[in-house]
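Readers should treat all values here as calculations from the given coordinates under stated rules, not as data from a laboratory. Computed from a predicted structure; not experimentally measured. Counting neighbours? That spans all protein chains shown, and the Cβs are built from the backbone with ideal geometry, glycine included.
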Amino acid sequence: MELKVVSTASGKRIRPDSPTPDLIAWTMDHFQNQRLAMTTSFGMEGCALIDMYASLGKPLTVIYLDTMFFFPETYALRDEMIERYPHVDFVNRGTDLTAEQQAEKFGDELWKTNPDQCCKIRKVDPMHQVLLDVDVWITALRRSQSITRAHLKVVEWDWQYQLLKVSPLAAWEREDVWKYIQENNVPYNKLHEQGYPTVGCTHCTSKVEGSKPGEYSRSGRWKEFNKTECGLHGDGI
Ligand code: SF4
């Protein structure tokens with residue numbers, strides 16, 4: 001499904017190439033009576049998008065999946081975001097399976113032997129449960145993040161999860177996101193300044209020498225494997 005030209009409550013006409021603030025306001029106007037939620041892993045894009053939606057001052061649910069393997073900097077960022085946006089409801093829907101229980105059931109250090117299974121247990125399955133309760137899913141994905149995201153539409157029907165997926169930053173570049181973060185004083189993960197272009201679980205995230213916060217790369221993720229995505233967005237994304 002592609003976004004057709006539609007009118008918002010304010011009378012503005014919305015197209016896929018409408019300015020991002022208009023798309024964001026449209027999401028809230030158009031789907032206010034639906035089960036609408038944003039998901040985030042507290043990446044730079046997610047933090048920027050939360051700020052954009054939060055600036056409307058309307059209630060918003062933001063769901064994250066605590067894998068129990070976050071960096072301390074990520075937990076600190078989560079706490080900062082909760083404090084900064086008190087009208088946003090941050091909800092953890094991560095797995096209850098502890099690291100010890102996982103090791104007992106699936107073997108030690110599953111992320112080293114079968115990261116796809118580990119991601120399925122700690123990310124994909126919990127996300128599937130989350131999205132059973134959602135009609136409109138807001139994501140901070142961008143097309144230029146990877147080849148698998150290159151065809152992302154601003155608004156599209158997600159066949160895997162059977163819901164409407166809205167990605168207002170689809171056409172943004174990383175440098176635009178970094179500029180927004182700086183200009184609006186949005187909290188971000190301090191690891192971005194220490195050579196981590198993206199930040200996931202401690203076990204599967206490495207430094208990328210010479211990387212800068214305004215440059216995106218997934219080369220620091222699952223370095224030992226031919227894997228760049230956790231599978232949350234279907235088609236290997
Ligand atoms: S990123 Fe690594 S540790 Fe985290 S869920 Fe996936 S495989 Fe497991």
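Highest GNM mean-square fluctuation, the chain, Cα pairs closer than 10 Å: which of 121, 82, 50?
82
If you take the charge dipole of the chain about its Cα centre, with +1 on Lys and Arg Cβ and -1 on Asp and Glu Cβ, which of 49, 200, 76 is farthest toward its positive end?
49
If you put +1 on each Lys and Arg Cβ and -1 on each Asp and Glu Cβ, how big is the dipole of the chain around its Cα centre, in Debye rounded to 20?
About 520 debye.
Take the residue pairs 120/207; 112/153; 179/207; 105/223 and return only those whose Cα atoms are more than 29 Å apart.
112/153, as the Cα separations exceed 29 Å there.
Send over the Kirkwood Rh of the chain, from the inverse of the averaged 1/r over different Cα pairs, rounded to one decimal Å.
For the chain, inverting the mean 1/r across all distinct Cα pairs yields 18.4 Å.
Which of the aspartates and glutamates could a cross-linker span from residue 227 if the Cα-Cα distance has to be under 16 Å and same-chain partners fewer than 8 positions apart are dropped?
Within the straight-line cut-off, residue 227 pairs with 116, 235.
Highest mean first, what order results for 221-227, 199-205 on Cβ atoms within 10 Å?
Going from most to least packed, we get 199-205, 221-227.
FRET efficiency for residue 223 and residue 15, Cβ-Cβ distance as r, R0 = 30 Å, nearest 0.05?
0.15
So what is the 222 nm mean residue ellipticity for the chain from helices alone, if each DSSP H run of at least 4 adds -39500 (n - 2.57) and you divide by all residues, rounding to the nearest 500 deg cm²/dmol?
-8000 deg cm²/dmol
Could you list which residues have their amide H under 5 Å from that of residue 163, counting only those 5 or more apart in sequence or on another chain, with H placed in the peptide plane?
Amide H neighbours of residue 163, under 5 Å, 5+ apart: 158.
Please report the spacing between the Cα centers of region 37-70 and region 181-237 in Å, no decimals.
Rounded to whole Å, the Cα centres lie 16 Å apart.
If amide hydrogens are placed 1.01 Å from N in the peptide plane, which non-local residues have theirs closer than 5 Å to the one on residue 97?
For residue 97, no residues qualify.
How many nm is it between the label spots at residue 79 and residue 176, if each spot is 7 Å from the Cα in line with the beta carbon?
Result: 3.4 nm between the two label points.
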